[in-house]
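Quick notes on the structure that follows.
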Amino acid sequence: MMPNQETQYHLADQVATITLNRPDKLNAWTATMEHEVRAAMAAAEHDENVRVIILTGAGRGFCAGADMSLLSTISEKGIDAAQRAQATQPTSGISEGMRADFQRKYSYFPALTKPVIAAINGPTVGLGLLIALYCDLRFASDAARFSTAFARRGLIAEYGMAWMLPRLVGHANALDLLFSARMIDAAEALRTGLVNQVYPQETFSQKVRQYALDLASNVSPRSLRVIKRQVYDAMFQTLAESFEASEREMLASLQCEDFKEGVAHFVEKRPPVFTGK
């Protein structure tokens with residue numbers, strides 16, 4: 001990978017960690033950061049040594065939303081044709097075969113075949129919250145804070161948030177968070193289902209990494225890949241369609257190497273050696 005200006009990429013023990021790295025700005029989102037995150041996600045997706053991806057922020061914030069200098073420029077000068085086209089057109093696909101819904105500007109995390117975990121270490125606002133929503137799992141430090149922010153800036157539920165947020169927290173909670181744009185703490189985020197788990201700040205990074213390492217070491221990569229696709233496809237399917245798809249996938253899984261290893265390591269009482277095949 002090329003040297004990065006606003007992100008860091010670290011790979012160890014089959015876990016790739018992508019860190020938003022503008023700590024003095026609470027990792028406010030920029031065009032450069034957007035480009036670097038996409039490149040890092042693509043690198044992790046295509047690296048056979050990567051089984052799990054963690055996205056986090058440097059310093060005391062996850063992401064404070066779009067950089068205010070960008071918003072100020074748009075407020076003063078308006079949005080130009082290039083920016084308008086970029087905001088509305090699909091992006092190039094990272095994972096072939098995934099539905100077009102998950103090939104858009106910010107909605108491509110579900111198109112990755114590997115689990116993406118948001119390690120939310122601090123304030124997560126506006127566009128930063130949107131980025132976290134498109135991750136597969138969200139773990140928060142007890143120091144994390146959340147706000148949609150848009151309504152307090154004269155904006156709307158951006159980039160598919162009106163579709164994604166209700167699926168995580170429910171219709172009424174989503175409207176509350178979008179209408180009021182109020183700041184909520186990690187405890188409320190956990191109660192509403194916005195995050196999966198909350199850990200103390202002192203042990204936060206360790207706890208998230210332990211979870212990621214467990215997935216990387218003890219779970220079939222093939223199972224993760226197929227299950228992730230099943231869950232996101234099911235958002236657009238009837239029960240019958242999802243049921244039929246699961247029957248096809250079950251038959252295929254019974255013929256794969258990871259199924260044989262899954263049975264063998266359990267019977268032999270040893271750690272698994274999954275290949276993802």
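The mean sequence separation of alpha-carbon pairs under 8 Å and at least six residues apart, normalised by the residue count of the range 209-277, gives a relative contact order of 42 percent. In percent, rounded to a whole number, the relative contact order of the chain is 15, using alpha-carbon pairs under 8 Å and six or more apart. With the helix formula -39500 (n - 2.57) applied to DSSP H stretches of n ≥ 4, the chain reaches a computed 222 nm mean residue ellipticity of -13500 deg cm²/dmol. I want to verify a result. In a Gaussian network model of the chain, Cα cutoff 10 Å, which of these has the top mean-square fluctuation: Met33, Met98, Met68? Taking springs between Cα atoms under 10 Å, the residue moving most is Met68. Computed from point charges on the beta carbon alone (+1 for Lys and Arg, -1 for Asp and Glu), the dipole magnitude for the chain about its Cα centre is near 320 Debye. Structure remark: mean-square fluctuation, Gaussian network model of the chain, C-alpha springs under 10 Å; the largest value among Gly128, Gly61, Gly193 belongs to Gly193. Near Ala118: Cβ cut-off under 12 Å, other residues only, Lys/Arg at +1 and Asp/Glu at -1. The net charge is 0.
Note on surface exposure: Arg225, Arg22 rank Arg225, Arg22 by accessible area, highest first, 1.4 Å probe. Listed by chain and number, the aspartates and glutamates whose alpha-carbon sits under 19 Å from that of Lys25, ignoring those within fewer than 8 places in the same chain, are Glu6, Glu34, Glu36, Asp67. Projecting the Cα atoms of Met33, Met183, Asn196 onto the charge dipole of the chain, computed from C-beta unit charges around the Cα centre, puts Met183 farthest toward the positive end. Applying 1/(1 + (r/R0)^6) with r as the Cβ-Cβ distance of Arg182 and Asp233 and R0 = 25 angstrom yields a FRET efficiency of 0.15. Entry comment: accessible area of the range 109-200 is 36 Å² per residue, from protein heavy atoms only and a probe of 1.4 Å. Taking R0 as 30 Å, what FRET efficiency do you get between His265 and Ala245 from their Cβ-Cβ distance, rounded to the nearest 0.05? The pair His265/Ala245 has a calculated efficiency of 0.65.
With all protein chains in place and a 1.4 Å probe, the accessible surface of the chain carries 55 percent carbon and sulfur. Only protein heavy atoms count here; on that basis, with a 1.4 Å probe, Leu194 has an accessible area of about 0 Å². Candidate cross-link partners of Lys277 among the aspartates and glutamates, defined by an alpha-carbon separation under 17 Å and a same-chain spacing of 8 or more, comprise Glu45, Asp47, Glu48, Glu249, Glu257, Asp258, Glu261. DSSP finds beta bridges in the chain, and of those with both partners inside it, around 30 percent are antiparallel.
The values are calculated or read from the model by the stated rules, or taken from the named source; none is laboratory data. Remember, it's a predicted structure, so these values are computed and weren't measured experimentally. As a convention, Cβ positions derive from the backbone with ideal geometry for all residues, glycine included, and neighbour counts pool all protein chains shown. Heavy atoms of the whole protein, side chains included, go into the accessibility calculation; ligands, DNA and RNA do not. Shrake-Rupley method; radii C 1.70, N 1.55, O 1.52, S 1.80 Å.
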